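The values are calculated or read from the model by the stated rules, or taken from the named source; none is laboratory data. On a predicted model such as this, the values are computed, not experimentally measured, just so you know. In this analysis, Cβ positions are derived from the backbone assuming ideal geometry, glycine residues included, and neighbour counts consider all displayed protein chains.
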Amino acid sequence: MSDKPAAEDKLSPIEAGRRGLMLILSSPSGAGKSTLTRMLLQDKSIDLTLSVSVTTRPRRASEVDGVHYHFIAPAQFEKMRAAGDLLEHARVHDNFYGSPKSLVENVLTRGRDVIFDIDWQGTQQVRRNAPDDVVTIFILPPSMKELRTRLERRAEDAPETISKRLANAKTEIARWSLYDYVLVNDDLQRAYSHVLAILEAERVKRARAQTAIAGFVKGLLSEQV
């Protein structure tokens, strides 16, 4: 991870002085949050840092430890939770997930943005812990039938697991009103463009750069013309 934004030389004085934000994408399994997250991270000009969660879930064949998740034992997870080392934690599909706190804060204080791929439970914990830093987006599937098709197409889960994920999806979808923005992923490129628009707007909110704006405006008002 580089300490400098990819487009640092193009930042305005206000952008350079702002605090970073936490962009949270949530969705039922298979609705597209992981794909959208990957697309955002692949574009280096967007300059997002991924918050890599810890999890007690077994690693899938397509996953790399430390890249997709930090795969840890339940005892280690409980130790981190008890010590207050997690920004959020949740139980999902009989496994535990959590976001390490210190790494995220270090990125935010440097004016960098962190993206989270977490569920609605974790999202609410992050919002309670850092309400001024969070932007939340919920991704909906176009239909439950399409959601099943996507889960089956992945060929990573047994049929009973897919059925369980579909049942849990309805519980997750019912929490849509807890989010700042809600998008339907019926067209991946369109959903992606909407996420980019949200991120661009949130980055220039006054509240995220209050000190930098005040300093810049003071300088403007003191200029002799």
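Considered as a group, the residues in the range 195-225 that are of a type in the set (V, I, T) and within 18 Å of F138 (Cα to Cα) include one that is farthest from the chain's Cα centre (by Cα), and that residue is I198. S99 meets all of the listed conditions (1) in contact with a Gly (Cβ under 6 Å, 6 or more places away or on another chain); (2) in a strand (DSSP E or B); (3) among the small types (G, A, S) but one, namely (1).
If we keep just the residues of the range 117-143 that are out of contact with any helix residue (DSSP H, G or I) (no Cβ under 7 Å at 6 or more places or on another chain) and of a type outside the set (S, T, N, Q), which is surrounded by the fewest Cβ atoms within 10 Å (Cβ to Cβ)? Ranking the candidates gives P131 first.
Checked against the criterion of being closer than 27 Å to P100 by Cβ and either of a type in the set (A, V, I, L, M, F, W, C) or at pLDDT below 90 (or both), the candidates E156, E172, E202 yield just one match: E156. Counting only helices (runs of 4 or more DSSP H) that fall entirely inside the range 123-209 and contain at least 1 residues that are under 30 Å from E15 (Cα atoms) and of a type in the set (A, V, I, L, M), the qualifying elements are 188-203. Taken together, the criteria exclude G30 from residues that are out of contact with any Phe, Trp or Tyr (no Cβ under 7 Å at 6 or more places or on another chain), farther than 28 Å from E146 by Cβ, small (G, A, S) and not in a helix (DSSP H, G or I). Regarding K10, is this residue loosely packed, with under 12 Cβ neighbours inside 10 Å and either modelled with pLDDT of 90 or more or touching a strand residue (DSSP E or B) at 6+ places or on another chain (Cβ under 7 Å) (or both)? Answer is no for this residue. Check R127, R112, R38 and return the single one that is of a type in the set (K, R) and either over 14 Å from the mean Cα position of the chain (by Cα) or within 30 Å of R153 (Cβ to Cβ) (or both). Exactly one residue qualifies, and that residue is R38.
Test R91 against the criterion of being buried (at least 17 other Cβ atoms within 10 Å of the Cβ) and either closer than 27 Å to Q42 by Cα or of a type outside the set (A, V, I, L, M, F, W, C) (or both), and give yes or no. When the stated conditions are applied, R91 does not pass them. Within the range 63-70, not a single residue is surrounded by 12 or more Cβ atoms within 10 Å (Cβ to Cβ), part of a loop (DSSP other than H, G, I, E, B) and in contact with an Asp or Glu (Cβ under 8 Å, 6 or more places away or on another chain). What is the one condition in (1) out of contact with any Ser or Thr (no Cβ under 7 Å at 6 or more places or on another chain); (2) farther than 30 Å from E200 by Cβ that F77 does not satisfy? Condition not satisfied by F77: (1). Here the range 32-48 is the region considered, the condition is being touching an Asp or Glu at 6+ places or on another chain (Cβ under 8 Å) and of a type outside the set (D, E), and the residue that is surrounded by the most Cβ atoms within 10 Å (Cβ to Cβ) is K33. Do we find that F77 is farther than 30 Å from A212 by Cβ, at pLDDT 90 or above, over 14 Å from the mean Cα position of the chain (by Cα) and part of a strand (DSSP E or B) in this structure? In short, no.
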